[in-house]
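Reading through the structure tokens given below for one structure.
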């Protein structure tokens, strides 16, 4: 999947989820988790399902602290991170609002991998 197609798909998902936030006075943690999960669909390509990457070059996001993830996304958006594959993240992050960053950070800090081996 091309980088541009991934960004377009991500923006489409964000636009779908935005009305859920815009009309809610207060959202529940469960709702914020689901909104973050929808916005995180584009992240799965590199960071893996539930934020656990299968590739050594991409970090795991599952269990990271919310403030760290928000700070990292803001740094990518502002082109302050330039190492490694930062150019990929800069492309994604430049389209994120502060709310998008909070939703993504909430999701990845709370998501758990389901055990399917039972």
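The values are calculated or read from the model by the stated rules, or taken from the named source; none is laboratory data. Remember, it's a predicted structure, so these values are computed and weren't measured experimentally. Cβ coordinates were reconstructed from backbone atoms using ideal geometry, including for glycine residues, and neighbour counts include every protein chain displayed.
Okay, here's what the table says:
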item: Residue within segment 45-60 that is under 10 Å from the mean Cα position of the chain (by Cα) and outside any loop (DSSP other than H, G, I, E, B) present; result: yes
item: Residue check, residue 70 touching a helix residue (DSSP H, G or I) at 6+ places or on another chain (Cβ under 7 Å) and either assigned to a helix (DSSP H, G or I) or at pLDDT 95 or above (or both); result: yes
item: Leading residue by the ranking (surrounded by the most Cβ atoms within 10 Å (Cβ to Cβ)) among those in segment 75-97 that are more than 12 Å from the chain's Cα centre (by Cα) and part of a helix (DSSP H, G or I); result: 76
item: Residues of segment 21-41 satisfying the condition of being at pLDDT below 95 and either surrounded by 17 or more Cβ atoms within 10 Å (Cβ to Cβ) or in a helix (DSSP H, G or I) (or both); result: 21, 22
item: Close pairs (8 angstrom Cβ cut-off, 6 or more residues apart or separate chains): free of Cβ contacts under 8 Å to residues at least 24 places away in the same chain in segment 35-57, not in a loop (DSSP other than H, G, I, E, B) anywhere; result: 53/46; 53/47; 55/46
